[in-house]
1. Answer yes or no as to whether I55 is of a type in the set (V, I, T), exposed (fewer than 12 other Cβ atoms within 10 Å of the Cβ) and in a helix (DSSP H, G or I).
2. Anything in the stretch 103-123 that is under 25 Å from the mean Cα position of the chain (by Cα) and surrounded by fewer than 14 Cβ atoms within 10 Å (Cβ to Cβ)? List them, or say none.
3. Consider the stretch 103-147. How many of its residues are in contact with a Pro (Cβ under 9 Å, 6 or more places away or on another chain) and of a type in the set (A, V, I, L, M)?
4. Any idea which of (1) small (G, A, S); (2) at pLDDT 85 or above; (3) loosely packed, with under 14 Cβ neighbours inside 10 Å is the one A146 doesn't satisfy?
5. Could you list, in sequence order, all residues of the stretch 1-21 that are touching a residue at least 12 places away in the same chain (Cβ under 8 Å) and of a type outside the set (A, V, I, L, M, F, W, C)?
6. If you go through the stretch 116-125 one residue at a time, do you hit one that is free of Cβ contacts under 8 Å to residues at least 40 places away in the same chain and closer than 24 Å to K4 by Cα?
7. Name every residue in the stretch 76-115 that is in a helix (DSSP H, G or I), within 29 Å of E19 (Cα to Cα) and free of Cβ contacts under 8 Å to residues at least 60 places away in the same chain, in order of residue number.
8. Of the conditions (1) among the aliphatic types (A, V, I, L, M); (2) within 23 Å of D45 (Cβ to Cβ); (3) surrounded by 14 or more Cβ atoms within 10 Å (Cβ to Cβ), A90 fails just one. Which one is it?
Amino acid sequence: MIGKITADIAIAMKAQDKERLNVLRSLKTALMNRKIEIGKDIDLDEFKSILRKEIKSRQQAIELYEKGNRNDLASIEKKEIEIIQEYLPALLSREQIENEVLNAVAELNVESIKDMGRLMSHLKTKIGDVADGKTLSEIVKEKLSAK
């Protein structure tokens with residue numbers, strides 16, 4: 001995957017797409033730093049994890065920028081997230097996550113909010129790669145509060 005990003009950096013340089021180039025360089029740096037840190041090549045799960053961390057940091061920046069009325073900077077962060085998401089599998093919609101939660105509640109016979117940990121653990125292993133964690137947690141709380 002580092003090779004793919006390196007190739008995309010070359011394409012962005014030729015196209016003079018500075019915004020994309022900056023994002024891809026920061027991704028490559030994060031990936032290379034992690035590779036050095038663990039002392040071996042990065043596997044696909046680690047790659048996805050790093051990209052999600054990069055997205056999460058940008059989402060936090062968006063919140064801060066919006067609180068500070070800096071929508072211009074927030075829009076830059078949003079564009080960067082879109083670029084990073086190109087390297088991740090598409091996320092499930094809220095409705096799809098709700099269906100997965102309802103199926104898991106029935107499958108595990110979850111009775112109350114006390115079982116949230118068990119339910120979240122099950123859902124993370126089942127749909128963790130394609131579901132936003134924050135949205136998943138919100139939906140689980142909603143569904144279990146209704147019980």
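1. Against the criterion (of a type in the set (V, I, T), exposed (fewer than 12 other Cβ atoms within 10 Å of the Cβ) and in a helix (DSSP H, G or I)), I55 does not qualify.
2. If the condition is that a residue be under 25 Å from the mean Cα position of the chain (by Cα) and surrounded by fewer than 14 Cβ atoms within 10 Å (Cβ to Cβ), then N103, G117, R118, S121 are the ones that fit.
3. Of the stretch 103-147, the ones in contact with a Pro (Cβ under 9 Å, 6 or more places away or on another chain) are 129-130.
Adding the requirement that they be of a type in the set (A, V, I, L, M) leaves 130.
Residues in the stretch 103-147 being in contact with a Pro (Cβ under 9 Å, 6 or more places away or on another chain) and of a type in the set (A, V, I, L, M): 1 in total.
4. Among (1) small (G, A, S); (2) at pLDDT 85 or above; (3) loosely packed, with under 14 Cβ neighbours inside 10 Å, the lone unmet condition for A146 is (2).
5. Within the stretch 1-21, K4, T6, D8, E19, R20 meet the criteria.
6. Within the stretch 116-125, none of the residues are free of Cβ contacts under 8 Å to residues at least 40 places away in the same chain and closer than 24 Å to K4 by Cα.
7. I76, E77, K78, I81, E82, Q85
8. (3) is the only condition that A90 fails.
The values are calculated or read from the model by the stated rules, or taken from the named source; none is laboratory data. Remember, it's a predicted structure, so these values are computed and weren't measured experimentally. Positions of Cβ are generated from backbone atoms using ideal geometry, with glycine treated the same way; all protein chains shown enter the neighbour counts.
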